[in-house]
Amino acid sequence: MSYKIVVTGGAGFIGSHLVRSFVNKYPHYTIVNLDKLTYAGNLENLKDIEDKENYQFVRGDIADAAFVNSLFESQKPDAVIHLAAESHVDRSILNPGDFINTNVVGTLNLLNASRNLWNGSEGKHLFYHVSTDEVYGSLGKEGYFTEKTSYDPRSPYSASKAASDHLVRAFFHTYGMPVVISNCSNNYGPYQFPEKLIPLMIHNIVNQKPLPVYGQGAQTRDWLWVLDHVSAIDLIFHKGTTGETYNIGGSNEWQNINLVHKMCSIMDRKLQKPYGDSAKLITFVKDRAGHDMRYAIDASKIKNELGWVPSIQFDEGLEKTIDWYLANEEWLEHVTTGAYQNYYEQQYIAR
Ligand code: NAD
Ligand code: TYD
């Protein structure tokens with residue numbers, strides 16, 4: 001019998017890259033993609049693997065305990081890689097309740113269902129919880145987040161992810177559940193929903209729309225190529241130590257305003273516009289409430305213990321990302337309609 005992994009949130013940005021990688025690389029695994037298909041979940045992301053024999057899609061809500069229990073009873077997964085989440089900070093400021101339902105209640109439901117299924121049973125089980133560096137709060141100019149940094153979440157998004165991390169650890173300590181957690185910095189790459197900084201800027205430059213930079217653009221993020229996050233998850237899933245946490249980051253810090261300028265100059269070149277043309281679209285808008293100043297990861301544990309190394313430099317990854325969005329305008333058009341438009345108006349037009 002093949003080893004079965006439920007991947008939650010597999011139709012989203014990181015989840016779709018992870019599902020594709022596991023389906024292609026591990027034909028002896030069956031990957032069950034459990035996703036609610038919220039505004040952020042798009043099965044178009046997985047068109048190329050949807051007919052593979054070791055792949056199944058199940059639509060469902062992890063916040064629905066009865067559904068999760070019956071799915072686990074029927075599918076009997078050996079392992080879970082849990083990515084499903086409400087993931088956008090600005091949405092969490094507008095509507096924290098969705099984040100508690102999915103990120104906290106949903107995680108608890110998956111833990112309960114896994115515990116019921118695996119309790120006393122043989123086999124190699126693992127509950128892998130994918131989390132964020134935002135649980136550690138906000139850094140000043142100095143220092144890095146390590147696995148020992150105290151939690152200090154400051155947005156409803158990061159508070160809900162912190163709560164889910166605590167629940168996962170509580171299940172390890174209280175019930176002996178085999179768990180592993182990773183906390184990663186900001187990801188970028190193809191298939192990211194264009195509400196996040198990098199795809200939003202690409203989309204707006206193409207459409208000659210203002211580039212909304214929050215505050216003065218002084219905040220700093222540590223950007224990682226999404227497939228390097230996937231390779232880290234793969235390593236931790238197969239070689240990580242149960243009960244441990246691993247930080248993942250790109251050692252690639254950029255102040256928002258510098259990153260937006262860098263993107264503008266790449267886009268000028270790609271769109272054959274005069275240098276400086278795209279930067280004219282930069283518009284400073286009201287700052288995000290409680291905006292965390294700086295995130296930066298110390299990834300030495302995963303590098304030293306598991307030998308993880310990111311595969312590409314930022315310049316190359318950013319070029320590839322921009323090329324992908326320019327070549328996939330149809331994808332962008334599909335995701336920038338409907339629910340996204342309502343949110344977009346609330347977020348930017350009402351300011
Ligand atoms: P995303 O928003 O692109 O995708 C989330 C997916 O979860 C979507 O497919 C959505 O349909 C699904 N989903 C949402 N609510 C659900 C529910 N109630 N039931 C079932 N499915 C549901 O997110 P992402 O950027 O791919 O992030 C994936 C995970 O990685 C999240 O847990 C996030 O916290 C974490 N993470 C993200 C980043 C980043 O930079 N994007 C960095 C570190 C960690
Ligand atoms: P984002 O991609 O939302 O990721 P996160 O908030 O999880 O780090 O935002 C990255 C940074 O870019 C963050 O400091 C907020 C800023 N930002 C803007 O300045 N303008 C925007 O329109 C967006 C979406 C983000």
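The values are calculated or read from the model by the stated rules, or taken from the named source; none is laboratory data. What you see is a predicted model, and the numbers here were worked out from it, not measured in a lab. Reconstructed Cβ throughout: ideal geometry from the backbone, glycine too, with neighbour counts over all protein chains shown. Calculation scope for accessible area: heavy atoms of the full protein, side chains included, ligands and nucleic acids excluded. Shrake-Rupley method; radii C 1.70, N 1.55, O 1.52, S 1.80 Å.
Things to note:
- Residue in region 300-317 that is within 19 Å of HIS261 (Cβ to Cβ) and small (Gly, Ala, Ser) present: yes
- Of the residues in region 70-89, at least one is part of a helix (DSSP H, G or I), in contact (Cβ under 8 Å) with a residue 12 or more places away in the chain, within 19 Å of the chain's Cα centre (by Cα) and within 16 Å of ligand 2 (Cβ to nearest atom).
- Within the option set ALA289, ALA279, ALA327, being under 30 Å from PRO153 (Cβ atoms), of a type in the set (A, V, I, L, M) and modelled with pLDDT of 95 or more holds for one residue only, ALA289.
- One residue stands out in region 292-309 among those that are without any contact (Cβ under 8 Å) to a residue 60 or more places away in the chain and outside any helix (DSSP H, G or I): the one that is surrounded by the fewest Cβ atoms within 10 Å (Cβ to Cβ), namely VAL309.
- Here the condition is being open to solvent by less than 30 Å² (accessible area, probe 1.4 Å) and either polar (S, T, N, Q) or closer than 21 Å to TYR188 by Cβ (or both); of THR38, THR8, it holds for THR8 alone.
- Meets criteria (within 10 Å of ligand 2 (Cβ to nearest atom) and either at pLDDT below 95 or of a type in the set (A, V, I, L, M, F, W, C) (or both)) for MET177: no
- Looking at ALA289, ALA279, just one residue is more than 29 Å from LYS239 (Cα to Cα), aliphatic (A, V, I, L, M) and either open to solvent by 70 Å² or more (accessible area, probe 1.4 Å) or not in a helix (DSSP H, G or I) (or both), and that residue is ALA289.
- Where a residue in region 249-261 is touching a residue at least 24 places away in the same chain (Cβ under 8 Å) and its partner, wherever it lies, is open to solvent by 70 Å² or more (accessible area, probe 1.4 Å), with Cβ under 8 Å and at least six apart: ILE257/GLN216
- Filter result (closer than 26 Å to LEU46 by Cα, within 9 Å of ligand 2 (Cβ to nearest atom) and not hydrophobic (A, V, I, L, M, F, W, C)) within region 195-219: GLU195, LYS196, PRO199, ASN204
- Test for PHE57: is it open to solvent by 30 Å² or more (accessible area, probe 1.4 Å), assigned to a helix (DSSP H, G or I) and either of a type in the set (Gly, Ala, Ser) or more than 22 Å from ASP228 (Cα to Cα) (or both): no
- Test result for ASP222, more than 12 Å from ligand 2 (Cβ to nearest atom) and open to solvent by less than 30 Å² (accessible area, probe 1.4 Å): no
- Region 1-18, residues that are away from ligand 2 (no atom under 16 Å from the Cβ), among the hydrophobic types (A, V, I, L, M, F, W, C) and more than 15 Å from LYS36 (Cβ to Cβ): MET1, ILE5, LEU18
- The single condition among (1) surrounded by fewer than 20 Cβ atoms within 10 Å (Cβ to Cβ); (2) within 8 Å of ligand 1 (Cβ to nearest atom); (3) at pLDDT below 95 that GLU122 does not satisfy is (2).
- Just one residue in the set SER150, SER114, SER121 is within 19 Å of VAL6 (Cα to Cα), part of a loop (DSSP other than H, G, I, E, B) and more than 16 Å from the chain's Cα centre (by Cα); that residue is SER121.
- Meets criteria (surrounded by fewer than 18 Cβ atoms within 10 Å (Cβ to Cβ) and modelled with pLDDT under 95) for ILE349: yes
- If you go through region 232-261 and pick out every residue that is hydrophobic (A, V, I, L, M, F, W, C) and open to solvent by 10 Å² or more (accessible area, probe 1.4 Å), you end up with 4.
- Filtered by the rule that a residue be outside any strand (DSSP E or B) and in contact with a strand residue (DSSP E or B) (Cβ under 8 Å, 6 or more places away or on another chain), region 124-147 gives LYS124, HIS125, ASP133, VAL135, TYR136, SER138, LEU139, GLY140, LYS141, TYR144, THR146, GLU147.
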